[in-house]
Structure formats: structure tokens, C-alpha cells
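Accompanying notes for the structure given below.
The values are calculated or read from the model by the stated rules, or taken from the named source; none is laboratory data. In this text the structure is predicted, and so the values were computed from the model without any measurement. Every residue, glycine among them, receives a Cβ derived from its backbone with ideal geometry; neighbour counts consider all protein chains shown.
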Ligand SMILES: Cc1ncc(C[n+]2csc(CCOP(=O)(O)OP(=O)(O)O)c2C)c(N)n1
Ligand SMILES: [Mg+2]
């Protein structure tokens, strides 16, 4: 299986491989890549740099005890920003837990993510505001929610209800592809011909388990077993990630069924701040991927093509620095909300069990044992 790459690690544009996986043609990919004008590429660069600055700041805040946990996006910025830039604001996105770059493109104030990892808010943000669902930590569970949402869109269409949404995009990892939920989601999506894009970020690791333990053949090939068309792309290439996602969403809209993209990328940091990758992977491997850094290659392209000048780059740098400072100030000032609200959001009309648990909590507080 070939992998779509349009931007090399050293920042040179290359034509698509002529033997791309069915059903995309190299010409289509070239046309879609051309949509990324110099101004759009500058936007992509800005989104990627801001995402990295945010991620770095949050990692430091966790190390300083301000966050309970952090899940880094370091290294995955191109897969996330490229795919998100190709997704209309009206389509619904289901992230897992490290899609900070997708959040940035959707327009979420990145500081909204902080309370989730500081343990001061139960869920996160309003999913409807940016058509960006809250993070899901149960591996693969949200793939079923995404397919359910896509099947809902089909019902809306049948009933003539206009929602503006045409597809759903779900992000998940290489490890998640071995999970029952994801396979069940693929079955439902395929049989219902649901308008959903499965966007797999193969970052080569599922905590300390390398991808080869999930599969001995490309993970995108798994889509074949479900009769779902697929593409494999270089996920550290923002142009390829954009073009493939644009193609996939067009395909979903014109053919009505699901699509599957495997973006090959690398988790440059730890799985979360709770693990130590030096225990299970080599420095040589990390170095190999450092040379494929998604931001460095886009910057090289922008400079070669004269799409940025010193002023543009300084402005992004300043914005990134300001974002870091603002995230830090926000975090330190962020205090826990009222824990009791957890009972309010379980069911629209609380069941006897929820009411009993709430009464137990109230009694616990009254006893003053906490
Ligand atoms: C159902 C379930 N099983 C196990 C876990 C523990 N867990 C958290 S992250 C993770 C690995 C996920 O790897 P992958 O799908 O590749 O995503 P990545 O973290 O690399 O983005 C596991 C096993 C979990 N959160 N949920
Ligand atoms: Mg992974």
C-alpha cells in the first residue's frame, strides 16, 4: 500500500505517487493540495505553532503540579491541523484526548481544555459551540457515538431536517483499532452507509505497545474487511493530511458511505505525563522521527516559496508566547467547580439510583470526613 506524501521531511513539494490506493487519483490530490494557497499555508503554520506552544506549556504545568495529567500532541500537529482545516465547521468532530490541534482549528479557546486535566470540570466544553465533542478517554468508545451521530444525520436528511452537517469525523489511535468498539463502529458505519470519516492517527505507540503488536500489515487495510474505502497518508505532511481529508469528505458526501484514513505520524513525547518512554523505545527511533518534524518541514516550504517573511514569523512567535502566558495565568486561577453538578448531568430526569448517590454524597459532606 502506498502512502500519500506531498511534502518531504526537508520541505520540498513532490507529486503524489501514481499508484495511490483506490479510489483517489493523483490528479485529484494535486488539485486539492492546490487549495492551500500561501495564506492558507500560513494559517496552517500558525495553528501548528500555537498548538505546540499550548502543549509545551500544559506539559510544564503538569510537571509543576498544576495539572493532574497531560496528554501531549507533540509531533502530531500536521495530521490534526491538516485534517481539521479540511473539515467544514458545520460537520461534527469527535476527538479522543490529544486532539489539541483539531481544537485549535475548530476555534475552541485552548484554555477550555485545561480544566479537564486539572480536574476542575467534569466534562469540558459545549460540544455544539464548535461542533467539537468533548474528549473521550475510554479508548474507541466515541467511535460508536460518532457513527450514531452520522446515522442521526441520515435520519435528519430523510425527514428533511436541515442541520447543515453533512458528515462526522472521528479521531482515534492505532491501539484503538484493536478495540471492539472501533470494530463495531466500522460494522455499523459500513452496513448503514453512514457519512463518517474514521481518521486514524497511527503515532506508532499505544502507551508502551508498538503498532506491530496491533497489526503486521498497514492498519488502513483493516478498512477493506469492512468494505470501507481508505487512504494512507504521511501524517507529518500537513498538505497530504489536508488533501486526503478533503477527498474523503467529498467521497462521503457524493457516495453516501464511510471513509477511512490512516495518517502515519509519531508521538514525539510521552504517552501522557504519567509514563516514561525511555523504558520502551530507543533514542535512535526518536531521533529518526525528529528529522520528520511536521512544523519544521512546513516552515522550510514557506521560506523556500517566499510565503512568509520575518514579520509573519515574529508575529506567530509572539502570539505563541502570549498564549503560553495566558494558559499559565488561566490555570493558576482555575478553581474546582461544584462537584455536586456531576449528579445533574447523568440523566435528564434523575433515576432513583442517581438520587440515592447524591444523598450519600451530601451525607458524606455533612459528616465532614472529606
Ligand atoms: C477501554 C480502555 N482500555 C484501556 C485504556 C487505557 N489506555 C489509555 S490510552 C491507551 C492506549 C491508546 O493508544 P492509541 O489508540 O494508539 O492512542 P494514542 O494514545 O497513541 O493516541 C490505553 C490502552 C483506556 N483508556 N480505555
Ligand atoms: Mg497510538
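Please work out if residue 362 is outside any loop (DSSP other than H, G, I, E, B) and closer than 30 Å to residue 56 by Cα. Step through it out loud before you land on a result.
Details: outside any loop (DSSP other than H, G, I, E, B): yes; closer than 30 Å to residue 56 by Cα: no.
Judged against the criteria, residue 362 is not a match.
With respect to residue 343, determine if the residue is in contact with a helix residue (DSSP H, G or I) (Cβ under 7 Å, 6 or more places away or on another chain), within 26 Å of residue 69 (Cβ to Cβ) and without any contact (Cβ under 8 Å) to a residue 24 or more places away in the chain.
Against the criterion (in contact with a helix residue (DSSP H, G or I) (Cβ under 7 Å, 6 or more places away or on another chain), within 26 Å of residue 69 (Cβ to Cβ) and without any contact (Cβ under 8 Å) to a residue 24 or more places away in the chain), residue 343 qualifies.
Out of curiosity, is residue 160 assigned to a helix (DSSP H, G or I) and in the same structural domain as residue 216 (by TED's automatic domain parsing)?
No, not satisfied.
All but one of (1) outside the structural domain of residue 56 (by TED's automatic domain parsing); (2) free of Cβ contacts under 8 Å to residues at least 12 places away in the same chain hold for residue 333; which doesn't?
(1)
Could you please give the count of residues in segment 255-314 that are within 14 Å of ligand 1 (Cβ to nearest atom) and touching a strand residue (DSSP E or B) at 6+ places or on another chain (Cβ under 6 Å)?
Total satisfying the criteria: 5.
Among the residues of segment 166-183, which ones are surrounded by fewer than 24 Cβ atoms within 10 Å (Cβ to Cβ), within 16 Å of ligand 2 (Cβ to nearest atom) and assigned to a loop (DSSP other than H, G, I, E, B)?
179
Quickly run through segment 11-38 and pick out the residues that are under 23 Å from the mean Cα position of the chain (by Cα) and in a helix (DSSP H, G or I).
Result: 29, 32, 33.
Filter segment 114-152 down to the residues that are over 13 Å from the mean Cα position of the chain (by Cα), closer than 24 Å to residue 180 by Cβ and outside any loop (DSSP other than H, G, I, E, B) and list them by number.
141, 144, 145, 146, 147, 148, 149, 150, 151, 152
Which one of the conditions (1) at positive phi; (2) in contact with a helix residue (DSSP H, G or I) (Cβ under 9 Å, 6 or more places away or on another chain) does residue 123 fail to meet, given that it meets all the rest?
For residue 123, the failing item is (1).
Taking segment 96-113, which residues are in a helix (DSSP H, G or I) and buried (at least 24 other Cβ atoms within 10 Å of the Cβ)?
Initial filter on segment 96-113 (in a helix (DSSP H, G or I)): 100-106, 110-113.
Answer for segment 96-113, where residues must be in a helix (DSSP H, G or I) and buried (at least 24 other Cβ atoms within 10 Å of the Cβ): 100, 101, 102, 103, 104, 105, 113.
Could you run through segment 264-302 and say how many residues are in contact (Cβ under 8 Å) with a residue 24 or more places away in the chain, more than 26 Å from residue 117 (Cα to Cα) and not in a loop (DSSP other than H, G, I, E, B)?
Residues meeting the conditions: 9.
For residues that are away from ligand 2 (no atom under 15 Å from the Cβ) and assigned to a helix (DSSP H, G or I), tally how many sit in segment 184-229.
14
So the check is Cβ under 8 Å with 6+ separation or different chains; which pairs have a first residue in segment 188-216 that's under 30 Å from residue 154 (Cβ atoms) and in contact (Cβ under 8 Å) with a residue 60 or more places away in the chain and a second one that's within 12 Å of ligand 2 (Cβ to nearest atom) and assigned to a loop (DSSP other than H, G, I, E, B)?
200/174; 201/76; 201/174; 201/235; 201/265; 202/174; 202/235; 202/265
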